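J.: I'd like to ask you about the structure that follows.
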Amino acid sequence: MSIIEVKNLKVWYPIRGGFFNTIKGYVKAVDDVNLSIEPGETYGLIGESGSGKSTIGKTIVGIERPTSGSIIYKGEDVTKGRNRKKLKYNRDVQMIFQDSLSSLNPRKRINDIIAEPIRNFEKLSKTEENHRVKELLDIVGMPKGSMYKYPFEFSGGQRQRIGIARAVSTHPKLIVADEPVSALDLSVQAQVLNYMQDIQKEFNISFLLISHDLGVVRHMCKNLSIMTRGRFVEVGTREDIYDRPQHIYTKRLLAAIPDINPRNRQEDTKERLRVEAEYENDEKAWYDKNHRVLDLKPVSGSNTHYAAVPESNSMVEQGGK
Amino acid sequence: MDKEKDNVLLEIEHLHTAFRINGKFYNAVDDCSLTLRKNEIYAIVGESGCGKSTLATSIVGLLDPLNSKVKGSIKYRGQELVGLNADEYDKIRGEDIGMIFQDPLSALNPLMRVGDQITEALYYHTKDSEAERKKKALELLKRVGIPDPEGTFRRYPHELSGGMRQRIIISIAVACSPEIIIADEPTTALDVTIQAQIIDLLKDIQKEKESGIIFITHDLGVVAEIADRVGVMYAGQLVEIGSVFDIFEDPKHPYTRSLLNSIPQAGELGDRLHVIQGNVPPLSEMKRSGCRFAPRIPWIPASAHEENPSYHQVGDGHYVLCTCYQTFHFQEEK
Ligand SMILES: Nc1ncnc2c1ncn2[C@@H]1O[C@H](COP(=O)(O)OP(=O)(O)O)[C@@H](O)[C@H]1O
Ligand SMILES: Nc1ncnc2c1ncn2[C@@H]1O[C@H](COP(=O)(O)OP(=O)(O)O)[C@@H](O)[C@H]1O
Ligand code: SF4
Ligand SMILES: [Mg+2]
Ligand SMILES: [Mg+2]
């Protein structure tokens with residue numbers, strides 16, 4: 001049973017203009033997307049900037065309203081406010097943002113920041129609350145003394161850990177982590193990712209990990225999707241996507257990741273230029289006449305792997321030449 | 001002039017760059033020396049706050065003279081740059097040394113069409129006529145892969161994507177065919193596919209003009225992709241210098257090894273990543289004697305560290321500011 005299921009989600013932003021400020025069209029930030037996340041798993045969502053990743057995340061936590069589609073939690077559609085309340089959805093689903101400084105209130109001390117979600121859902125005495133905040137800080141490796149400080153007194157990595165402590169304070173079932181390590185140095189990024197894995201093990205939390213970094217997602221996620229222009233181009237396990245990519249867009253992303261072995265340089269560049277040329281030559285085949293990503297089709301020989309490939313391509317053998 | 005000397009574009013010796021903080025000066029670049037040769041891409045890599053950008057701004061002479069101090073020597077083809085006045089530096093910048101910075105939007109004038117910004121660079125540094133300048137600008141736009149040079153010439157920066165803006169910056173940086181390009185995190189703000197294109201473009205331009213590039217980044221993948229030589233920077237010092245193969249295949253300094261170890265690799269799902277304990281100290285709290293990295297590897301006994309670390313040659317062109325590399329091990333290795 002999945003912890004959450006996103007069904008046919010569309011989030012369209014109206015573009016207004018003209019004298020009467022009428023709707024001229026829509027930015028289809030999310031355009032018919034499906035995904036489901038298992039309990040205790042980290043699901044990866046990859047895409048370049050503007051592809052619609054954050055919009056999906058925000059719609060799941062309820063900051064954005066869907067244009068259509070549903071989000072099923074415990075069998076009920078939580079795009080309806082009534083169900084959210086009944087299921088304590090806002091307690092069970094939390095979010096971590098990329099820029100922790102602007103998402104943490106600068107005028108509040110860390111203990112208030114971390115305790116705020118708890119106060120919304122539980123009645124704890126001051127001592128109980130303090131105890132809980134200390135526990136939470138400990139989980140993310142921050143000294144207890146941090147609770148009386150302000151956000152600006154911490155480094156980026158520390159603030160991101162505070163963001164995690166706050167997000168886990170209500171014992172959530174799902175955390176949407178939107179580019180949680182994108183602004184961090186490698187060494188600090190490693191630490192934040194390790195803490196995410198620790199709390200996942202300890203509390204059986206599911207993550208939706210939103211990232212543009214294919215290395216980070218490969219490290220963290222068993223299942224993932226690749227997104228562009230508001231649609232999924234490819235969905236599968238990490239082996240499906242990284243070892244047997246089907247969609248030209250996925251291939252292009254993979255070819256662009258810098259390889260850490262300098263001896264592969266020439267070959268990588270050649271492969272990248274080959275994929276890039278292929279992309280330019282038959283880009284049209286991969287999108288419909290409105291530049292919309294095609295519908296996902298199962299990749300034959302697999303029950304986990306789907307790709308938005310053209311008709312003629314959909315029977316390609318997995319791993320075939 | 002002998003061949004080797006002819007190949008040296010930039011020679012930096014014992015560079016110290018200090019900033020004034022609460023009335024006192026602290027070195028952000030603390031005794032750095034490096035040599036950039038023709039046809040060479042020299043990468044500087046390290047965590048943020050290690051002094052990479054300060055090194056770049058020192059080379060191009062763009063520091064605020066009231067709140068900073070530069071000591072030591074930066075020679076461009078034998079000519080000393082430290083101490084040049086603003087006019088002299090203006091001439092060198094653009095003509096001999098081009099610059100590319102991380103944020104292309106702030107480096108462009110928002111109120112000026114991009115074409116005019118390119119021709120302006122040519123106006124200051126060449127004797128070309130207006131028609132020639134325009135022709136050259138269009139060629140440059142084409143050269144850096146702008147699909148519609150004529151149309152783009154008339155656009156304003158905000159009308160272009162981040163990747164396109166970075167191409168404009170590159171076209172300005174190379175407008176006068178400088179021998180040296182200083183690029184400070186030029187791809188950090190870009191998507192990976194755009195990053196790959198910009199890297200290819202810089203490599204091509206470098207080959208074509210036989211120029212030397214100092215390429216600053218915190219991304220080791222990018223280093224592996226682009227660099228010939230690498231300087232690993234920590235707390236204002238170059239702690240290891242070597243060829244790109246030395247650094248990736250035979251890293252010596254504990255800092256270099258720690259950085260390489262913290263990259264998420266293909267391995268098993270959920271493997272623990274290596275964490276470098278602690279963080280780069282702020283300038284005013286930086287220990288100035290002994291080894292600066294020692295506090296971040298507390299399990300290594302003090303006796304392993306050199307009291308005053310000096311450079312040790314460990315291979316042809318491979319130097320480490322360290323002796324403890326001989327006994328260094330990760331905590332989990334024991
Ligand atoms: N509130 C909004 N109004 C109009 N357009 C928006 C709004 N939020 C996002 N968009 C647009 O939706 C698209 C997807 O944005 P986003 O979800 O932030 O992408 P990502 O997180 O992948 O970078 C972009 O084209 C963006 O400009
Ligand atoms: N103008 C300045 N005034 C005071 N301190 C500065 C200034 N610029 C940079 N620093 C400090 O110098 C150190 C090195 O910074 P920087 O060169 O930007 O590092 P990097 O580019 O490696 O991230 C940091 O501690 C930073 O805070
Ligand atoms: S020997 Fe010196 S340079 Fe090496 S880690 Fe120890 S203190 Fe640092
Ligand atoms: Mg986003
Ligand atoms: Mg910098």
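J.: Of the residues that sit in the stretch B:245-260 and are farther than 19 Å from B:ILE226 by Cα and open to solvent by less than 20 Å² (accessible area, probe 1.4 Å), which one is nearest to the other protein chains (Cβ to nearest Cβ)? Spell out how you get there, then give the answer.
T.: At the first step, the residues of the stretch B:245-260 found to be farther than 19 Å from B:ILE226 by Cα are B:252-255, B:257-258.
Restricting the remaining residues to those that are open to solvent by less than 20 Å² (accessible area, probe 1.4 Å) gives B:253-255, B:258.
Values: B:HIS253: 14, B:PRO254: 12, B:TYR255: 10, B:SER258: 7 Å.
Across the stretch B:245-260, the extreme among qualifying residues is B:SER258.
J.: Let me ask another. If A:SER206 satisfies all but one of (1) away from chain B (no Cβ under 11 Å); (2) under 25 Å from A:VAL6 (Cβ atoms); (3) in contact (Cβ under 8 Å) with a residue 40 or more places away in the chain; (4) open to solvent by 40 Å² or more (accessible area, probe 1.4 Å), what's the number of the condition it fails?
T.: It is condition (4) that A:SER206 fails.
J.: Still on this structure: What is the one condition in (1) within 11 Å of chain B (Cβ to nearest Cβ); (2) assigned to a helix (DSSP H, G or I) that A:GLU278 does not satisfy?
T.: (1)
J.: Filtering the stretch B:303-325 down to residues that are more than 9 Å from ligand 3 (Cβ to nearest atom) and not in a loop (DSSP other than H, G, I, E, B), which residue is farthest from B:ARG288 (Cα to Cα)?
T.: B:GLY315
J.: May I pose another question? Taking the stretch A:233-254, which residues are more than 23 Å from B:LEU269 (Cβ to Cβ) and at the interface with chain B (Cβ under 10 Å from one of its Cβ atoms)?
T.: Here is the first cut: in the stretch A:233-254, the residues more than 23 Å from B:LEU269 (Cβ to Cβ) are A:248-249, A:252.
Of everything in the stretch A:233-254, those that are more than 23 Å from B:LEU269 (Cβ to Cβ) and at the interface with chain B (Cβ under 10 Å from one of its Cβ atoms) turn out to be A:TYR249, A:ARG252.
J.: Mind checking whether some residue in the stretch B:266-281 is in contact with a Leu (Cβ under 7 Å, 6 or more places away or on another chain) and away from ligand 4 (no atom under 16 Å from the Cβ)? Working first, answer last.
T.: Quick first cut of the stretch B:266-281, residues in contact with a Leu (Cβ under 7 Å, 6 or more places away or on another chain) only: B:273.
Narrowing further to those that are away from ligand 4 (no atom under 16 Å from the Cβ): B:273.
Scanning the stretch B:266-281 turns up at least one residue that is in contact with a Leu (Cβ under 7 Å, 6 or more places away or on another chain) and away from ligand 4 (no atom under 16 Å from the Cβ).
J.: Please state which one of A:VAL192, A:VAL217, A:VAL168 is of a type in the set (A, V, I, L, M, F, W, C), within 16 Å of ligand 4 (Cβ to nearest atom) and open to solvent by less than 30 Å² (accessible area, probe 1.4 Å). Can you show your working first?
T.: Values: A:VAL192 fails: within 16 Å of ligand 4 (Cβ to nearest atom); A:VAL168 fails: within 16 Å of ligand 4 (Cβ to nearest atom).
The match here is A:VAL217.
Yes or no, residue by residue, for (1) buried (at least 20 other Cβ atoms within 10 Å of the Cβ); (2) within 13 Å of another protein chain (Cβ to nearest Cβ); (3) assigned to a strand (DSSP E or B):
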| residue | (1), (2), (3) |
| --- | --- |
| B:GLY163 | no, yes, no |
| B:ARG167 | yes, no, no |
| B:ALA175 | yes, no, no |
| B:GLN197 | yes, yes, no |
| B:LYS207 | no, yes, no |
| B:GLY267 | no, yes, no |
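J.: Follow-up. Taking B:ILE263 as meeting all but one of (1) more than 10 Å from every other protein chain (Cβ to nearest Cβ); (2) not in a strand (DSSP E or B), write down the number of the exception.
T.: Single failed check for B:ILE263: (1).
J.: If you go through the stretch A:173-193, how many residues are part of a helix (DSSP H, G or I) and in contact with a helix residue (DSSP H, G or I) (Cβ under 8 Å, 6 or more places away or on another chain)? Steps first, answer last, please.
T.: Pass one, the stretch A:173-193, residues part of a helix (DSSP H, G or I): A:186-193.
Retained after the next criterion (residues that are in contact with a helix residue (DSSP H, G or I) (Cβ under 8 Å, 6 or more places away or on another chain)): A:186-189, A:191-193.
Residues flagged as part of a helix (DSSP H, G or I) and in contact with a helix residue (DSSP H, G or I) (Cβ under 8 Å, 6 or more places away or on another chain) within the stretch A:173-193 amount to 7.
J.: Next question, about the same structure. Looking at the stretch B:44-68, which of the residues that are more than 9 Å from ligand 2 (Cβ to nearest atom) and over 24 Å from B:ILE241 (Cβ atoms) is surrounded by the most Cβ atoms within 10 Å (Cβ to Cβ)?
T.: B:LEU62
J.: While we're on this one: Would the stretch B:51-67 turn up any residue that is more than 16 Å from ligand 1 (Cβ to nearest atom), among the aliphatic types (A, V, I, L, M) and part of a strand (DSSP E or B)? Step through it out loud before you land on a result.
T.: Taking the stretch B:51-67 as the starting set, the residues that turn out to be more than 16 Å from ligand 1 (Cβ to nearest atom) are B:51-67.
Pick out the ones that are also among the aliphatic types (A, V, I, L, M) and you get B:55-56, B:59-60, B:62-63, B:66.
If we keep only those that are part of a strand (DSSP E or B) too, we end up with none.
Scanning the stretch B:51-67, I find no residue that is more than 16 Å from ligand 1 (Cβ to nearest atom), among the aliphatic types (A, V, I, L, M) and part of a strand (DSSP E or B), so the answer is no.
J.: Something else: Only one residue in A:SER49, A:SER54 is surrounded by fewer than 21 Cβ atoms within 10 Å (Cβ to Cβ) and among the hydroxyl-bearing types (Ser, Thr, Tyr). Which one? Break it down stepwise before answering.
T.: On the way: A:SER54 fails: surrounded by fewer than 21 Cβ atoms within 10 Å (Cβ to Cβ).
Exactly one residue qualifies, and that residue is A:SER49.
J.: Does B:ILE92 count as part of a loop (DSSP other than H, G, I, E, B), under 26 Å from B:ILE198 (Cα atoms), more than 16 Å from ligand 1 (Cβ to nearest atom) and of a type in the set (A, V, I, L, M)? Can you show your working first?
T.: Numbers: part of a loop (DSSP other than H, G, I, E, B): no; under 26 Å from B:ILE198 (Cα atoms): yes; more than 16 Å from ligand 1 (Cβ to nearest atom): yes; of a type in the set (A, V, I, L, M): yes.
No: the conditions fail for B:ILE92.
J.: Quick check: is even one residue across the stretch A:13-35 closer than 13 Å to A:LEU208 by Cα and away from every other protein chain (no Cβ under 14 Å)? Outline the logic, then answer.
T.: Filtering the stretch A:13-35 down to residues closer than 13 Å to A:LEU208 by Cα leaves A:35.
With the extra rule that they be away from every other protein chain (no Cβ under 14 Å), the set shrinks to A:35.
Yes; the residues of the stretch A:13-35 include at least one that is closer than 13 Å to A:LEU208 by Cα and away from every other protein chain (no Cβ under 14 Å).
J.: State which residue pairs qualify: first residue away from ligand 5 (no atom under 13 Å from the Cβ) and inside the stretch B:47-62, second residue open to solvent by 30 Å² or more (accessible area, probe 1.4 Å) and assigned to a loop (DSSP other than H, G, I, E, B) in any location, beta carbons under 7 Å apart, and separation of 6 or more residues or different chains.
T.: Hits for this filter: B:GLY61/B:LEU84.
J.: Is one or more of the residues making up the stretch B:18-26 within 16 Å of ligand 2 (Cβ to nearest atom) and either touching an Asp or Glu at 6+ places or on another chain (Cβ under 7 Å) or farther than 21 Å from B:VAL280 by Cα (or both)?
T.: Here is the first cut: in the stretch B:18-26, the residues within 16 Å of ligand 2 (Cβ to nearest atom) are B:18-26.
Checking which are either touching an Asp or Glu at 6+ places or on another chain (Cβ under 7 Å) or farther than 21 Å from B:VAL280 by Cα (or both) leaves us with B:23.
Within the stretch B:18-26, one or more residues are within 16 Å of ligand 2 (Cβ to nearest atom) and either touching an Asp or Glu at 6+ places or on another chain (Cβ under 7 Å) or farther than 21 Å from B:VAL280 by Cα (or both).
J.: Scan the stretch B:282-289 and tell me whether some residue there is open to solvent by 20 Å² or more (accessible area, probe 1.4 Å), at pLDDT below 90 and within 16 Å of ligand 5 (Cβ to nearest atom).
T.: yes
J.: Identify the residue in the stretch B:274-309 that is within 23 Å of the chain's Cα centre (by Cα) and away from chain A (no Cβ under 14 Å) and, among all such residues, is farthest from ligand 2 (Cβ to nearest atom).
T.: Within the stretch B:274-309, the match that is farthest from ligand 2 (Cβ to nearest atom) is B:ARG292.
J.: Additional query: Give me the pairs, please: first residue somewhere in the stretch B:203-230 and touching a residue at least 24 places away in the same chain (Cβ under 8 Å), second residue anywhere and away from ligand 5 (no atom under 16 Å from the Cβ) and among the acidic types (Asp, Glu), beta-carbon distance under 6 Å, and either six or more positions apart or on two chains.
T.: Within 6 Å, the pairs are B:SER211/B:GLU179; B:GLY212/B:GLU40; B:ASP228/B:GLU40.
J.: A further question follows. How many of the residues in the stretch A:194-225 are in a helix (DSSP H, G or I), away from ligand 1 (no atom under 16 Å from the Cβ) and hydrophobic (A, V, I, L, M, F, W, C)? Can you show your working first?
T.: Keep residues of the stretch A:194-225 that are in a helix (DSSP H, G or I), which gives A:194-203, A:214-220.
Checking which are away from ligand 1 (no atom under 16 Å from the Cβ) leaves us with A:194-203, A:215, A:218-220.
Among the residues that remain, those that are also hydrophobic (A, V, I, L, M, F, W, C) are: A:196, A:199, A:203, A:220.
Residues meeting the conditions: 4.
J.: Inspect the stretch A:174-186 for any residue being β-branched (Val, Ile, Thr), within 12 Å of chain B (Cβ to nearest Cβ) and closer than 21 Å to B:GLY270 by Cβ and give the result as yes or no.
T.: Filtering the stretch A:174-186 for residues β-branched (Val, Ile, Thr) gives A:175-176, A:181.
Then keep just the ones that are within 12 Å of chain B (Cβ to nearest Cβ); that gives A:181.
Next, only the ones that are closer than 21 Å to B:GLY270 by Cβ stay: A:181.
For the stretch A:174-186, residues β-branched (Val, Ile, Thr), within 12 Å of chain B (Cβ to nearest Cβ) and closer than 21 Å to B:GLY270 by Cβ: present.
J.: Which residues, taken from the stretch A:45-63, are within 12 Å of ligand 4 (Cβ to nearest atom) and in a loop (DSSP other than H, G, I, E, B)?
T.: Going residue by residue through the stretch A:45-63, those that are within 12 Å of ligand 4 (Cβ to nearest atom) are A:45-58.
Result: A:GLU48, A:SER49, A:GLY50, A:SER51, A:GLY52.
J.: Shifting gears a bit: Of all residues in the stretch B:209-227, which are more than 12 Å from every other protein chain (Cβ to nearest Cβ) and open to solvent by 10 Å² or more (accessible area, probe 1.4 Å)? Step through it out loud before you land on a result.
T.: Going residue by residue through the stretch B:209-227, those that are more than 12 Å from every other protein chain (Cβ to nearest Cβ) are B:209-216.
B:LYS209, B:GLU210 - these are the residues of the stretch B:209-227 that are more than 12 Å from every other protein chain (Cβ to nearest Cβ) and open to solvent by 10 Å² or more (accessible area, probe 1.4 Å).
Table: residues versus (1) outside the structural domain of A:PRO172 (by TED's automatic domain parsing); (2) assigned to a strand (DSSP E or B); (3) farther than 28 Å from A:ILE162 by Cβ.
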residue: A:PHE20; (1), (2), (3): no, no, yes
residue: A:ASN34; (1), (2), (3): no, yes, yes
residue: A:GLY40; (1), (2), (3): no, no, no
residue: A:TYR43; (1), (2), (3): no, yes, no
residue: A:GLY69; (1), (2), (3): no, yes, yes
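J.: Taking B:VAL70 and the conditions (1) within 14 Å of chain A (Cβ to nearest Cβ); (2) among the aliphatic types (A, V, I, L, M); (3) away from ligand 5 (no atom under 16 Å from the Cβ), which numbered condition does it fall short on, given that it satisfies the others?
T.: The one condition B:VAL70 does not meet is (1).
J.: Any residue at all in the stretch B:95-111 that is within 19 Å of B:ILE12 (Cα to Cα) and in a loop (DSSP other than H, G, I, E, B)? I'd like the intermediate steps shown before the answer.
T.: Start the filter on the stretch B:95-111 by keeping residues that are within 19 Å of B:ILE12 (Cα to Cα), which leaves B:96-99.
Keeping just the survivors that are in a loop (DSSP other than H, G, I, E, B) gives B:96.
Taking every residue of the stretch B:95-111 in turn, at least one turns out to be within 19 Å of B:ILE12 (Cα to Cα) and in a loop (DSSP other than H, G, I, E, B).
The values are calculated or read from the model by the stated rules, or taken from the named source; none is laboratory data. All values derive from a computational prediction rather than experimental measurement. Note that each Cβ is placed from the backbone with ideal geometry, even for glycine, and that neighbours are counted across all protein chains shown. Areas reflect the complete protein model, heavy atoms only, side chains present, ligands, DNA and RNA absent. Shrake-Rupley method; radii C 1.70, N 1.55, O 1.52, S 1.80 Å.
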